[in-house]
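The next block holds one structure in the form of structure tokens; read it before the comments.
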Amino acid sequence: DTKEANLVKEREARQEAARKKQEEKEAAEKQKAAEREKAREAEKLKALESQVRKEAQTLMKKALVRFGKQDVDDDDDDPNCGFTDEEIETLRRQFNLIDKDGGGSLDKAEFVAFYKDIMQSELSKKEIENLFDELDEDGGGSLDFDEFIKLYKTVAQIEAAKKDPLGA
């Protein structure tokens, strides 16, 4: 009886050890799968940021041509600030990517990170913060989409002023 009971206990102990080993294996596989998924998501985000960076550069080139010689108040009545519907869609994608907290507006930190990373600006943080303040028309401390789309026009006009400071 005792021998048989010991054999049963040994078998149960082996089964328990095998079960724990299987659980550990499954947990490790789940961890690896989660890490692979996280890496895929990081790659997707990196690709999206690269695409947005290219789109931003393209929009800036268009803005430099379109707005570089216009007076600042030329199209105040145009809610799209002179952009096409397709360009507005691109700007909306950018805005949504930058709006990390999904709040529907950009705070100064989100804007500074965007401007440094996506626009690849050589402006100092203080200059970018000043640009933010200039775009923040209502003084609310954040940029809504309507304020954000004025970024390209404003920067284009600043760049044009640098090239031709007398406006001649």
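Please count how many residues of region 97-111 are surrounded by fewer than 15 Cβ atoms within 10 Å (Cβ to Cβ) and either under 17 Å from ASN130 (Cα atoms) or at pLDDT 90 or above (or both).
2
Taking the condition at pLDDT 90 or above and either open to solvent by 20 Å² or more (accessible area, probe 1.4 Å) or charged (D, E, K, R) (or both), does ASP78 pass? Show your work before the answer.
On the way: at pLDDT 90 or above: no; either open to solvent by 20 Å² or more (accessible area, probe 1.4 Å) or charged (D, E, K, R) (or both): yes.
No.
Do you know which residues across region 102-122 are outside any helix (DSSP H, G or I), in contact with a helix residue (DSSP H, G or I) (Cβ under 9 Å, 6 or more places away or on another chain) and farther than 14 Å from ASP144 by Cβ?
Residues satisfying the conditions are ILE118, MET119, GLN120, SER121.
Going by the structure shown, is LYS20 more than 19 Å from the chain's Cα centre (by Cα), part of a helix (DSSP H, G or I) and of a type in the set (Lys, Arg)?
On the way: more than 19 Å from the chain's Cα centre (by Cα): yes; part of a helix (DSSP H, G or I): yes; of a type in the set (Lys, Arg): yes.
Yes.
Find the residue count for region 16-55, including only residues that are of a type in the set (D, E, K, R), open to solvent by 60 Å² or more (accessible area, probe 1.4 Å) and in contact with a helix residue (DSSP H, G or I) (Cβ under 7 Å, 6 or more places away or on another chain).
0
Looking at (1) out of contact with any Ser or Thr (no Cβ under 9 Å at 6 or more places or on another chain); (2) over 25 Å from GLN51 (Cβ atoms); (3) not acidic (Asp, Glu), which is the only condition THR154 fails?
(2)
Just to check your reading of the model, which residue among GLU137, GLU127 is outside any helix (DSSP H, G or I), over 24 Å from LYS44 (Cα atoms), of a type outside the set (S, T, N, Q) and open to solvent by 80 Å² or more (accessible area, probe 1.4 Å)? Full working, then the answer.
On the way: GLU127 fails: outside any helix (DSSP H, G or I).
GLU137 is the lone residue from the list that is outside any helix (DSSP H, G or I), over 24 Å from LYS44 (Cα atoms), of a type outside the set (S, T, N, Q) and open to solvent by 80 Å² or more (accessible area, probe 1.4 Å).
The values are calculated or read from the model by the stated rules, or taken from the named source; none is laboratory data. Computed from a predicted model, the values in this text were never measured in an experiment. Methodologically, a virtual Cβ is constructed for each residue, glycine included, from the backbone with ideal geometry; neighbour enumeration extends over all protein chains shown. Quick note on the areas: whole protein, heavy atoms, side chains included, nothing else; ligands and nucleic acids left out. Shrake-Rupley method; radii C 1.70, N 1.55, O 1.52, S 1.80 Å.
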